[in-house]
Amino acid sequence: MTAQVTQLFNNIWQHYLTVTPSAEKIHQLLGSGNDVINDHVAYRTFNIEKVGLDKLAAHLLALGYKECGEYNFEAKKLYAKHFEHADSTQPKVFISELLVEEFSPEAQAIIHKLVEQLPEEAVTAENFLYSGRQWQVSHEDYQTLLAESEYAAWVAAWGYRANHFTVSINHLENHETIVSVNDSLKDAGFTLNSVGGEIKGDETVKLEQSSTMADHAEVAFTDKTVSIPSCFYEFAKRYPLENGELYTGFVAASADKIFASTNVAA
Ligand code: OOG
Ligand code: NI
């Protein structure tokens, strides 16, 4: 089963790189051999039965992942869960879903129209987690969604792919702190997500996180092709609990700010 998990994440990684060229550069910048380990990978979807969080999670549960935590983001109208594998060297997975019914009738209609186009069997296909967008969407509808929810617009444009991978700072040989990682990234010209400060969380919540602002890549909308934010790279440092084991959960207040990594720069 572990070989299958490794293969799945290799496929997800390759698919992510096609729209996130900076990830390869960041790997080289921070790593020194085989020390770049992924702390987690994140997914986004809509809470519509056909493509809900559970449908994505089914692919992980089948490979031995277990549900470990849940999170609510009231202002963003999102619900999320995270999953872990018994083999702790495998990435954790954070999956969120948009509470579609809480948006305007217009936005809801656009979202339902997209999801209806997706072939039923696409969701259970082996490649679902790296299948991208299997519906047509106009730039006009993208803009309508963007006005209400950056998250909704992102899913409409990119579909099913890792939204980000996350370097585990704990495993890096050349960096001890998140400040050192952030400084290297900035020196190399990368723009960090500074919403809520460059570093989200601290030792008291057992998790420090930072992320780049997403790369941009071209999307062929039905009416035109436009370059928009694609995917980003995150960095996480975990601290031990009383029992000496590293904290494995997420921190909702920090996650709330990480979502902004796919915002269009002001
Ligand atoms: C997920 C944001 C949350 C984390 O590590 O807290 C997250 C997203 O941007 O889709 O990944
Ligand atoms: Ni993350």
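The values are calculated or read from the model by the stated rules, or taken from the named source; none is laboratory data. All figures in this text were calculated on a predicted structure; none of them were measured in a lab. Using ideal geometry, Cβ is built from the backbone for each residue, glycine included, and neighbour counts are taken over all protein chains shown.
Of all residues in the stretch 209-251, which are surrounded by fewer than 18 Cβ atoms within 10 Å (Cβ to Cβ) and farther than 28 Å from Phe83 by Cβ?
Hits for the stretch 209-251 are His216, Glu218, Ala220, Thr222, Asp223, Lys224, Thr225, Val226, Ser227.
Consider Trp135 carefully, then state whether it is surrounded by fewer than 19 Cβ atoms within 10 Å (Cβ to Cβ), of a type in the set (Phe, Trp, Tyr) and either within 16 Å of ligand 2 (Cβ to nearest atom) or not in a helix (DSSP H, G or I) (or both).
yes
Report, ordered by the first and then the second residue, all pairs with beta carbons closer than 6 Å, sequence separation of six or more or different chains, a first member in the stretch 254-266 that is at pLDDT 95 or above, and a second member that is in a helix (DSSP H, G or I).
Matching pairs, first to second residue: Thr262/Trp154; Asn263/Glu150.
Give the residues of the stretch 156-193 that are free of Cβ contacts under 8 Å to residues at least 40 places away in the same chain, more than 16 Å from ligand 1 (Cβ to nearest atom) and either among the polar types (S, T, N, Q) or at negative phi (or both), sorted by residue number.
Residues of the stretch 156-193 that are free of Cβ contacts under 8 Å to residues at least 40 places away in the same chain, as a first pass: 159, 176, 179-180, 183, 186-187, 189, 192.
The next check asks that each one be more than 16 Å from ligand 1 (Cβ to nearest atom); those that pass are 176, 179-180, 183, 186-187, 189.
Correct list: Glu176, Val179, Ser180, Asp183, Lys186, Asp187.
Which of the residues spanning the stretch 221-266 are within 13 Å of ligand 1 (Cβ to nearest atom), over 13 Å from Leu207 (Cα atoms) and among the acidic types (Asp, Glu)?
Asp256
Could you tell me whether any residue of the stretch 116-125 is in a helix (DSSP H, G or I), at pLDDT 95 or above, surrounded by 16 or more Cβ atoms within 10 Å (Cβ to Cβ) and over 16 Å from the mean Cα position of the chain (by Cα)?
Looking through the stretch 116-125, at least one residue is in a helix (DSSP H, G or I), at pLDDT 95 or above, surrounded by 16 or more Cβ atoms within 10 Å (Cβ to Cβ) and over 16 Å from the mean Cα position of the chain (by Cα).
Evaluate the following for Ala153: is it more than 19 Å from Ala23 (Cα to Cα) and within 16 Å of ligand 1 (Cβ to nearest atom)? Lay out the reasoning, then the answer.
Numbers: more than 19 Å from Ala23 (Cα to Cα): yes; within 16 Å of ligand 1 (Cβ to nearest atom): yes.
So Ala153 fits the description; yes.
Among all residue pairs at least 6 apart or on different chains, which show Cβ distances below 7 Å where the first residue, located in the stretch 235-253, is on the phi > 0 side of the Ramachandran plot and assigned to a strand (DSSP E or B) and the second is at pLDDT below 95 and surrounded by fewer than 15 Cβ atoms within 10 Å (Cβ to Cβ)?
From the stretch 235-253, no pairs qualify.
Which residues, taken from the stretch 158-168, are of a type in the set (Gly, Ala, Ser) and surrounded by fewer than 24 Cβ atoms within 10 Å (Cβ to Cβ)?
Gly159, Ser168
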